[in-house]
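Notes follow the structure.
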Amino acid sequence: MNAPAHPALSQEEAFARIRLLRSPNIGPVSYAMLLQRFGTAAEALEALPDLGKRGGRQYRAIPAEKVEREVESVRKAGAKYLFHDQPGYPALLREIEGAPPILTWRGDLSLAARPCVAIVGARNASAAAVKLAREFAKGLAEAGLTVVSGLARGIDGAAHEGAFPHTIGVIASGIDIAYPPQHADLQDRIATEGLLLAEQPPGTEPRGSHFPSRNRIIAGLASGTLVVEAAVKSGSLITARLAGETGREVMAIPGSPLEARSHGCNHLIREGAVLVQSPEDVTELLRTFEGEPRSTFREPAQALDYTRDDLADTQPADIEQLLTTAPIGVDELIRQSETSAAAVQLALLELEIAGRLERHAAGRVSLK
């Protein structure tokens, strides 16, 4: 979400933004499109019923009373809101596709402005890997890096503990929900001494779909992601691939081929992740980071940016006939529709608001 910083944000507009994002069928992409087209969240909220109707269904935004209760819950939790175009919003996170438009946070926000490295790995990690993660995190924090992880058991928890207080915990629940429960004290300590971030509204229990969303934030905050120990099919590898697709450094610690929990790291190295064996290896890579990863993961897709005038003066294209339940890239829709990118995006926006469109990774969409 490539938006300029606007330090002055009225309470009315901030409230409207929260209400807009919490309304049905509004995700990071549609939220950004709506702000680009209408200029303010307040105007976008007024336009939602008409956009939903044009997409084929009636639409109603979330009641203001629910947002009022959310704001009160954030206050009671001792947390604050952070909007995508405020100065404190992490610059690297803002660059990723589908960056979270609104975060809630507790702690020291300046930690996100420091150079960051993500450390992730298995929940059922070996004792040796847990010790290694703690030592790597300690060394990286002493070198001036902020260590980012997801507060899960195993590698995540060890990384946070080793890096204190220079650590950021990104959770898949609301800012007031501790998960996993056995990490409640750790989460509170991070919120007190480090930085705790949440994308989900307060009171939200973590669901399976929330963890990939959390992983993209972990990868997006950091200039590089280090996988300490992981199986081939694990959330840690999802985080690593998200980092690679965003053009960030991907690193892994090799392990024995006889240990299943090392297969994920070995697989990443075979695909092009950088093999590291010490915290110094990591700092050397990240201190010379200039936007081009040394790994051979694919380059990130270029985001499509439009001005407010482009969107305001464009009529949506008739592209529903080109869509099926099989995901297809937006760039392919633009080519086949033989119309402008802005027109295609407006058509997709209307279908999404109507609840008829689903967005997938790598800029792909499908009908529901």
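Quick notes on this structure:
- Considering (1) modelled with pLDDT under 95; (2) under 19 Å from residue 357 (Cβ atoms); (3) buried (at least 16 other Cβ atoms within 10 Å of the Cβ); (4) not β-branched (Val, Ile, Thr), the lone condition that residue 101 does not fulfil carries the number (1).
- As a summary of the residue check, residue 180 satisfies the conditions (1) within 15 Å of the chain's Cα centre (by Cα); (2) at pLDDT below 95 except for the one numbered (1).
- Test for residue 71: is it among the β-branched types (Val, Ile, Thr), in contact with a Gly (Cβ under 9 Å, 6 or more places away or on another chain) and open to solvent by 40 Å² or more (accessible area, probe 1.4 Å): no
- Of all residues in the stretch 208-229, none that is at positive phi has its Cβ atom under 9 Å from the Cβ atom of a residue that is assigned to a helix (DSSP H, G or I) and open to solvent by 10 Å² or more (accessible area, probe 1.4 Å), 6 or more apart or on another chain.
- Strands (runs of 3 or more DSSP E) contained entirely in the stretch 150-229, each with at least 1 residues that are more than 28 Å from residue 18 (Cα to Cα): 224-227
- Among residues of the stretch 6-36, those that are more than 15 Å from residue 351 (Cβ to Cβ) and either touching a residue at least 60 places away in the same chain (Cβ under 8 Å) or of a type in the set (A, V, I, L, M, F, W, C) (or both), counted: 17
- Scanning the stretch 86-101 for residues that are in contact with a Leu (Cβ under 8 Å, 6 or more places away or on another chain) and not in a loop (DSSP other than H, G, I, E, B) turns up at least one hit.
- Pairs with Cβ under 7 Å, 6+ apart, first in the stretch 173-185 and over 18 Å from residue 215 (Cα atoms), second polar (S, T, N, Q) and not in a loop (DSSP other than H, G, I, E, B): 176/73
- Any hit, the stretch 58-68, residues being within 30 Å of residue 363 (Cα to Cα) and either in contact with a strand residue (DSSP E or B) (Cβ under 7 Å, 6 or more places away or on another chain) or among the hydroxyl-bearing types (Ser, Thr, Tyr) (or both): yes
- Among the conditions (1) farther than 16 Å from residue 196 by Cα; (2) open to solvent by 30 Å² or more (accessible area, probe 1.4 Å), the only one that residue 164 does not satisfy is (1).
- Cβ-Cβ distances below 7 Å connect the following pairs, each with a first residue in the stretch 67-95 that is within 17 Å of residue 195 (Cα to Cα) and modelled with pLDDT of 95 or more, a second residue that is in a loop (DSSP other than H, G, I, E, B) and open to solvent by 40 Å² or more (accessible area, probe 1.4 Å), and a separation of six or more residues or different chains: 77/176; 83/9.
The values are calculated or read from the model by the stated rules, or taken from the named source; none is laboratory data. As the structure is a computational prediction, the values presented were derived from the model and not from experiment. Reconstructed Cβ throughout: ideal geometry from the backbone, glycine too, with neighbour counts over all protein chains shown. Ligands, DNA and RNA are excluded from the accessible area calculation, which covers all protein heavy atoms including side chains. Shrake-Rupley method; radii C 1.70, N 1.55, O 1.52, S 1.80 Å.
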